[in-house]
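The values are calculated or read from the model by the stated rules, or taken from the named source; none is laboratory data. All figures in this text were calculated on a predicted structure; none of them were measured in a lab. Note that each Cβ is placed from the backbone with ideal geometry, even for glycine, and that neighbours are counted across all protein chains shown.
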């Protein structure tokens, strides 16, 4: 037995060792193999050996002590579990003998998680399921336990992809009893009791897709001596959805309507979004109206918001209106009253002036094609139609942009109340890289302060003007566009650098977006001279997080269905554009399909390509690859489980012949 002095010395030694340890906190990052890493708060990665990885799960926040292993790597030793974000997840049900497991859908994490006997269900091998963690492995010798909370279905069931992705991203699937009860009380009779300005005689029309039912904007224009009067009427669900009511709380939780392929998730119950509040033709509806005076040069010289009762005189399609305005079809010309065709012509001229004004005084994004995915009865993609933006879409876009600009300018007078859509240009940590890259190509602009909107505009106008004739500026434009921050919601006006606007706040889609519904409430409080409501920064941050989660869900489902669509197209050749460059290869977006695939250029046994991480350029012995470069590729393989499309480059001579053939065919 040790003496008291020996014990005291050991205790002191332990204290000295503890005092000299370097401690840190970080997040667990698994790999496809048994080992993993801890991403430390200071940005470093510390190695975590397989034995310790058994005690943690992806995303766990841990405290670790740091040291160096025999490979001179920074290595972590687990000290304590601080938090675990893994509460629920989806995966595949697996049976191995008498034991039951779930293989979680948490790539690159590949460990099966055990279901104890008392938690087992009647799920079968391969079933897709939603689970929750009931025992964390940290204090249980690395043995986690889970339970199945929802059997989603068999992989071959029609529509399983939408249900699975909804569960994976925890999207809402049902309405609360209180929200449903409130929705039933909102009837056309209740709408008719709202006394407002009567604009039912104004020949407003909706212009949208043929299949759209949640129509939340109608437009009209007339020519004046100085330009045009542009009127936008926006559906007003807030007229009967009170603040903090069950429906308002539900809309805040859902944040937006998600148009997942074959599996839409609406912000409001469909009887409200598709019927009661939708601006369906020949029905009197409450609306928030913005009347704008537009000069011949496209400047908004005056605007006024009001509430009114309106009537949409026609539901028109983008295609039909475009044919009328482009003189490529006369069906609508024969069917519509003269007052409406005159308004459509005025809308077109007004839109052209607004576009010209934005090109001179703001920033105009490049036109990109849209892709229409047609699903079959099994909710799989049957065909894909690539569509360029037409004249009618541009008319509606300019009207909505103008309305949102007016709302943003009005909200500037009432700080920290409305929800602005902001974009503050470059990511702060990339500003030095931005300046050095500009110094090499356009040195006369390098000393500008790009945290200022006017300088940001000047830079991108210069690049977009010169890119077609100057390859260096074209590559710089592509690179700088990838170094910008994502747009975000905020109650503090920070400007919208991407659009070149001093202030921008959306109010034109209150049926589909919560920030628009909320901004309607601010607008109406301003008009009535009432006290303005406010949201906290944390509430706005949560709205943004929910929006981002929904967008990721939509992209994931789309990629999954596109991989299934491409599964039987191995060997087919496609023209594409490079949208990403890494040390291993290039990501290519297929022009005819709209999805991305990867070309691996760092092959084993071949000379290693040279990667310029600063300029995102990859050089092989014979070629150079950079962002937005056109390439021709062949589908090498498709992995629907990991939702990856593997591509390979087509020989240049063959690619040139294919290109010539395509041009001759068109």
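When you check residue 218 against the structure, is it in the same structural domain as residue 374 (by TED's automatic domain parsing), touching a strand residue (DSSP E or B) at 6+ places or on another chain (Cβ under 9 Å) and either surrounded by 12 or more Cβ atoms within 10 Å (Cβ to Cβ) or not in a loop (DSSP other than H, G, I, E, B) (or both), yes or no? Against the criterion (in the same structural domain as residue 374 (by TED's automatic domain parsing), touching a strand residue (DSSP E or B) at 6+ places or on another chain (Cβ under 9 Å) and either surrounded by 12 or more Cβ atoms within 10 Å (Cβ to Cβ) or not in a loop (DSSP other than H, G, I, E, B) (or both)), residue 218 qualifies. Filtered by the rule that a residue be buried (at least 17 other Cβ atoms within 10 Å of the Cβ) and outside any loop (DSSP other than H, G, I, E, B), segment 48-60 gives 48, 52, 53. Among the residues in segment 228-238, are any modelled with pLDDT of 95 or more, part of a loop (DSSP other than H, G, I, E, B) and surrounded by fewer than 21 Cβ atoms within 10 Å (Cβ to Cβ)? No, segment 228-238 has no match at all. Can you confirm whether segment 163-172 contains a residue that is in the same structural domain as residue 251 (by TED's automatic domain parsing), touching a helix residue (DSSP H, G or I) at 6+ places or on another chain (Cβ under 6 Å) and either at positive phi or surrounded by 14 or more Cβ atoms within 10 Å (Cβ to Cβ) (or both)? Among the residues of segment 163-172, not one is in the same structural domain as residue 251 (by TED's automatic domain parsing), touching a helix residue (DSSP H, G or I) at 6+ places or on another chain (Cβ under 6 Å) and either at positive phi or surrounded by 14 or more Cβ atoms within 10 Å (Cβ to Cβ) (or both), which makes the answer no. Within segment 470-489, the presence of at least one residue that is closer than 30 Å to residue 307 by Cα, out of contact with any helix residue (DSSP H, G or I) (no Cβ under 7 Å at 6 or more places or on another chain) and either in a loop (DSSP other than H, G, I, E, B) or touching a residue at least 60 places away in the same chain (Cβ under 8 Å) (or both) is confirmed. The set of residues in segment 173-188 that are more than 28 Å from the chain's Cα centre (by Cα), in a loop (DSSP other than H, G, I, E, B) and either surrounded by fewer than 17 Cβ atoms within 10 Å (Cβ to Cβ) or at pLDDT 95 or above (or both) contains only 187.
Annotation note: Cβ proximity below 6 Å between a residue of segment 182-196 that is touching a residue at least 60 places away in the same chain (Cβ under 8 Å) and a residue that is part of a helix (DSSP H, G or I) (sequence gap 6+ or interchain) occurs for 182/246; 182/247; 183/272; 186/276; 194/239.
Restricting attention to segment 555-572, the residues being closer than 27 Å to residue 620 by Cα and surrounded by 15 or more Cβ atoms within 10 Å (Cβ to Cβ) number 0. Within segment 74-96, the set of residues being more than 19 Å from residue 155 (Cβ to Cβ) and surrounded by 13 or more Cβ atoms within 10 Å (Cβ to Cβ) comprises 74, 75, 76, 77, 78, 79, 81, 84, 86, 88.
Every residue, every condition in (1) in the same structural domain as residue 402 (by TED's automatic domain parsing); (2) surrounded by 21 or more Cβ atoms within 10 Å (Cβ to Cβ); (3) more than 24 Å from residue 286 (Cα to Cα); (4) more than 18 Å from the chain's Cα centre (by Cα), yes or no:
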residue	(1), (2), (3), (4)
498	no, yes, yes, no
511	yes, yes, no, yes
515	yes, yes, no, no
518	yes, yes, no, yes
521	yes, no, no, yes
524	yes, no, no, yes
529	yes, no, no, yes
535	yes, no, yes, yes
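Here's the yes/no breakdown for (1) within 30 Å of residue 472 (Cβ to Cβ); (2) touching a strand residue (DSSP E or B) at 6+ places or on another chain (Cβ under 9 Å); (3) part of a strand (DSSP E or B); (4) outside the structural domain of residue 429 (by TED's automatic domain parsing):
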{"position": "602", "(1), (2), (3), (4)": "yes, yes, no, yes"}
{"position": "631", "(1), (2), (3), (4)": "yes, yes, yes, yes"}
{"position": "636", "(1), (2), (3), (4)": "no, yes, yes, yes"}
{"position": "642", "(1), (2), (3), (4)": "no, no, no, yes"}
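Within segment 320-338, the set of residues being outside any loop (DSSP other than H, G, I, E, B) and either at pLDDT 95 or above or surrounded by 17 or more Cβ atoms within 10 Å (Cβ to Cβ) (or both) comprises 320, 321, 322, 323, 324, 325, 332.
Per-residue answers, yes or no, for (1) part of a strand (DSSP E or B); (2) buried (at least 17 other Cβ atoms within 10 Å of the Cβ):
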residue: 278; (1), (2): no, yes
residue: 290; (1), (2): yes, yes
residue: 293; (1), (2): yes, no
residue: 309; (1), (2): yes, yes
residue: 312; (1), (2): yes, yes
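Is segment 590-598 home to any residue that is at pLDDT 95 or above, in contact with a helix residue (DSSP H, G or I) (Cβ under 7 Å, 6 or more places away or on another chain), assigned to a loop (DSSP other than H, G, I, E, B) and within 23 Å of residue 467 (Cβ to Cβ)? No: zero hits.
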